[in-house]
Amino acid sequence: MKLTSRSVSLVPVVSTVAAVALGATLVVTATANAATTLGAAAAQSGRNFGTAVAAQKLGDSTYVNILNTEFNSVTAENEMKWDATEPNRGQFNYTSGDRILNHALNNGKQVRGHALLWHQQQPRWAQGLSGSDLRQAAINHVTQVATHYRGKIHSWDVVNEAFADGGSGGRRDSNLQRTGNDWIEAAFRAARAADPNAKLCYNDYNTDGINAKSTGIYNMVRDFKARGVPIDCVGIQSHLSNNAPSDYQANLQRFADLGVDVQITELDISGSNQANAFGAVTRACMAVARCTGITVWGIRDTDSWRTGENPLLFTGSGAKKPAYNQVLDALNAGGPGPTTTTTTTTTTTDPVPPGDCTATVSLNQWNGGFVATVKVTAGSSALRGWRVTTTLSGGTVTGSWSANRSGTSGTINWTNVDYNADVPAGQSTEFGFQGSGSGSGLNPTCAAS
Ligand code: 9MR
């Protein structure tokens, strides 16, 4: 017998470790301990503290020193956006995004991916598209970029800023919105299929308190959870002036209560009350067990997009500001950490004859295109390879992931790739594909191979 378990990152100071039994949940309680950097202080409760990073600043030694010392998470400020990663349709450029990613990973930091779909910073070619052509291009973009970064991104902002400001609580008009209200869930399904281990977030601004916009998003997340649309986290950007709203913590908590993580994703605060406000925001996150991290939107005041407002934690010359000390103290004061869980799975190394399997499909169809996610589930014994057959009545497959395929229309055979051949008894793996036209009639069947 061999035991396999998913890796789990434990907080450095552990006071209580519950006994672990097969199939049990490991609950780790963290005790706060005075740490001297933001990242280390946040890590005491299992959280991260990150910053937005601009690739062109990675040659600036003051910048890089602070980055490497203080932060344990990194978000690319612009380099993973649509205009940067797909400047021409179907031609991808990951040079700057990879530079940030590699710097982060080589220095032991997590990476937040930002942002797969957004109405801003679209390449010119996408701005000129509409309808099913745009939908197809957008879903392909999600699939390609999430596949490129597969396994390396902690959390993706899958969709950014899709809700309207003001009192409507509804969606913002945009070329993406005009492809149909289901564009957000189509994006989340495609992202999940392309990178099953990344946490998938919806990210927005002016959502810091309980207001019409944040309530619109809250209702969408509740609906997604109810219908099984894959969503793991909500990003509250938190571009603030002087104060967080008084119901900031309550707003974080109501999202957490839906069963998603909450992340503060783009924090910056202008005004004379800046230091206190930074402290208050940090304490609010620490008080919400599922508030798993805080990212500030730049390192020094001179790095900020809010020119002249000095809304960050370090001065232009790299000195720590009073706001820095408030944040550090709040992180060190602790709070309920995110509950750390691990799932322990038993497999056997004994030779097992190939078992039966079943395949089910989840189809996301819109006018002119579709994304299909196929779940392959092993029967009473493990699979050592599998083959799924689908039949498309009319559509054409234009892209696929996590499986080899025999063709693009009619009856298609799909076989495992190297990393998903082995499926333990009773467990599942997924592959997916997108296409133009109708995805109806797929009727997947599965056989061990
Ligand atoms: O900080 C980013 C700035 O360098 C870009 O010019 C700008 C383009 O729209 O985007 C800024 O970052 C935004 C982020 O991607 C999404 N939320 C709002 C941020 C500030 O505008």
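The values are calculated or read from the model by the stated rules, or taken from the named source; none is laboratory data. What you see is a predicted model, and the numbers here were worked out from it, not measured in a lab. Cβ coordinates were reconstructed from backbone atoms using ideal geometry, including for glycine residues, and neighbour counts include every protein chain displayed. Heavy atoms of the whole protein, side chains included, go into the accessibility calculation; ligands, DNA and RNA do not. Shrake-Rupley method; radii C 1.70, N 1.55, O 1.52, S 1.80 Å.
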Listed by first then second residue, the pairs whose first member lies in segment 356-382 and is over 23 Å from VAL142 (Cα atoms), whose partner is open to solvent by 60 Å² or more (accessible area, probe 1.4 Å) and part of a strand (DSSP E or B), with beta carbons under 7 Å and at least 6 positions apart or on separate chains, are ALA359/LYS375; ALA359/THR445; THR377/THR358
For segment 176-193, enumerate the residues that are surrounded by fewer than 24 Cβ atoms within 10 Å (Cβ to Cβ), more than 17 Å from the chain's Cα centre (by Cα) and either β-branched (Val, Ile, Thr) or farther than 27 Å from PHE431 by Cα (or both). ARG178
Top-ranked residue of segment 194-216 - restricted to ones that are assigned to a helix (DSSP H, G or I) and away from the ligand (no atom under 16 Å from the Cβ), ranked as surrounded by the most Cβ atoms within 10 Å (Cβ to Cβ): ALA194
Which one of the conditions (1) assigned to a strand (DSSP E or B); (2) within 16 Å of the ligand (Cβ to nearest atom) does ILE100 fail to meet, given that it meets all the rest? (1)
What number of residues within segment 303-331 are in a helix (DSSP H, G or I) and either more than 16 Å from the ligand (Cβ to nearest atom) or in contact with a Ser or Thr (Cβ under 8 Å, 6 or more places away or on another chain) (or both)? 10
Those residues of segment 241-264 which are part of a strand (DSSP E or B) and among the acidic types (Asp, Glu), in sequence order: ASP261
Kindly indicate whether any position in segment 276-291 is open to solvent by less than 10 Å² (accessible area, probe 1.4 Å), within 16 Å of the ligand (Cβ to nearest atom) and not in a helix (DSSP H, G or I). no
Check whether at least one residue in segment 95-112 is without any contact (Cβ under 8 Å) to a residue 24 or more places away in the chain and among the β-branched types (Val, Ile, Thr), and report yes or no. yes
By residue number, the members of segment 407-449 that are closer than 10 Å to GLY395 by Cβ, open to solvent by 30 Å² or more (accessible area, probe 1.4 Å) and in a strand (DSSP E or B) are SER436
Check whether at least one residue in segment 230-240 is away from the ligand (no atom under 16 Å from the Cβ), among the charged types (D, E, K, R) and part of a strand (DSSP E or B), and report yes or no. no
Could you check, for segment 167-175, whether at least one of its residues is at pLDDT below 95, open to solvent by 20 Å² or more (accessible area, probe 1.4 Å), on the phi < 0 side of the Ramachandran plot and not hydroxyl-bearing (Ser, Thr, Tyr)? yes
Yes/no for VAL142 being modelled with pLDDT of 95 or more, within 15 Å of PHE188 (Cβ to Cβ), away from the ligand (no atom under 15 Å from the Cβ) and within 16 Å of the chain's Cα centre (by Cα): yes
Which of the residues that make up segment 38-66 are open to solvent by less than 10 Å² (accessible area, probe 1.4 Å), within 16 Å of the ligand (Cβ to nearest atom) and part of a helix (DSSP H, G or I)? ALA55, TYR63
Residues of segment 379-406 that turn out to be open to solvent by less than 60 Å² (accessible area, probe 1.4 Å), in a loop (DSSP other than H, G, I, E, B) and farther than 25 Å from SER440 by Cα, as a count: 4
